[in-house]
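This report concerns only the one structure given below.
Please treat every number below as a calculation from the coordinates, not as lab data. No experiment lies behind these values; they were computed from the predicted model shown. Note: ideal-geometry Cβ built from the backbone for every residue, glycine included; neighbour counts use all protein chains shown.
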Amino acid sequence: MFARLVRSPELWAAVAALLIAGAQVPFSHFAEDDFIHVAVMEGRLDRHGEAPFRLYSFLPGDPGLLREALDGGPMPWFTHPEAQVEFCRPLSSLLIALDHAVFGRAAWGYRVLT
């Protein structure tokens, strides 16, 4: 059984794919919302009152935060005045907090754990 598995081309294709993907980890960078999460974890962005538990709460329904997002932030002018963008991801938020505590700004460390 094991000998037949070792001769399987699917197994070697999967091993090659994992090696190629793993070889890119040391050269990875932050992207998209990673920058927001790092800024919140470092205290440079104070729009998440309950960080690190709610890192995926981008517009929690606060009119003041919405005004900031409209004036100079990422939200377009036609955003509904009562817009809310929140995702319940406490485990993901805590893992990002752990990554930040262990690796700081080293993006490759975040990729190792995920």
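What order, most packed first, do the peptides 85-93, 55-63, 104-112 have when packing is the mean number of other Cβ atoms within 10 Å of each residue?
Values: 85-93: 13.4, 55-63: 17.1, 104-112: 15.4.
Per-residue Cβ counts within 10 Å, averaged per peptide and sorted highest first, yield 55-63, 104-112, 85-93.
One chain, two ends: Leu11 and Val85. Fully extended at 0.36 nm per residue, the span grows by 22.5 nm beyond their Cα-Cα distance. Neighbour counts of C-beta atoms inside 10 Å place His100, His80 in the sequence His80, His100, starting with the fewest.
Over the chain, what is the mean sequence separation of C-alpha contacts under 8 Å (at least six apart), divided by residue count, expressed as relative contact order in percent?
On the way: 88 pairs, mean separation 31.3, N = 114.
It comes to 27 percent, rounded to a whole number.
On full extension, the segment bounded by Ala21 and Leu70 gains 13.8 nm, given 0.36 nm per residue less the C-alpha separation. Label positions at Leu45 and Phe103, each projected 7 Å from the Cα along the C-beta direction, are separated by 1.8 nm.
Averaging 1/r over every pair of different alpha carbons in the chain and inverting the result gives a Kirkwood radius of 16.9 Å.
Where only DSSP H runs of four or more residues are counted, the chain gives -15000 deg cm²/dmol as its mean residue ellipticity at 222 nm, each run worth -39500 (n - 2.57).
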